[in-house]
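Before any comments, here is the structure.
The values are calculated or read from the model by the stated rules, or taken from the named source; none is laboratory data. Small disclaimer: the values here were computed from a predicted structure and weren't measured. Neighbour counts run over all protein chains shown; Cβ positions are idealised from the backbone, glycine included. In case anyone asks, the SASA skips ligands and DNA or RNA and just uses the protein heavy atoms, side chains included. Shrake-Rupley method; radii C 1.70, N 1.55, O 1.52, S 1.80 Å.
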Amino acid sequence: NSELESKMALFGKMPDECLTCEKPFDKKDKDMAMTWSVIVHDEEVVRLYCPECWDKAVKITEDFKRHLEEKFGEMEE
């Protein structure tokens, strides 16, 4: 029961827009709920990213990791 209450409280903290591009998020839209990325930090900070911004962030991270591997060799995760 307390786990459900905790998740409901986090839902209330979820933003109404993408953190990066500020595209509006409709909490009642099932497609948005299934495609947008929600990141929770320390069960207090909730961040929301649209699919386009999330894909860009993943690509930047992968490119940076590849750059580091080329410069310093294979890295452990």
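Please pick out the residue among Glu17, Glu5 that is charged (D, E, K, R), open to solvent by 60 Å² or more (accessible area, probe 1.4 Å) and in contact (Cβ under 8 Å) with a residue 24 or more places away in the chain.
The match here is Glu17.
Just need a number here: residues in segment 34-49 that are among the aliphatic types (A, V, I, L, M), closer than 13 Å to Met14 by Cβ and not in a strand (DSSP E or B).
Total meeting the criteria: 0.
In the set Asp31, Asp26, which member is part of a helix (DSSP H, G or I) and loosely packed, with under 12 Cβ neighbours inside 10 Å?
Answer to the selection: Asp31.
Given the criterion of a type in the set (Lys, Arg) and more than 25 Å from Glu3 (Cα to Cα), identify the matching residue among Lys23, Lys28, Lys13.
When all the criteria are applied, what remains is Lys23.
Of the residues that sit in segment 50-77 and are open to solvent by 80 Å² or more (accessible area, probe 1.4 Å) and in a loop (DSSP other than H, G, I, E, B), which one is modelled with the lowest pLDDT?
Glu77
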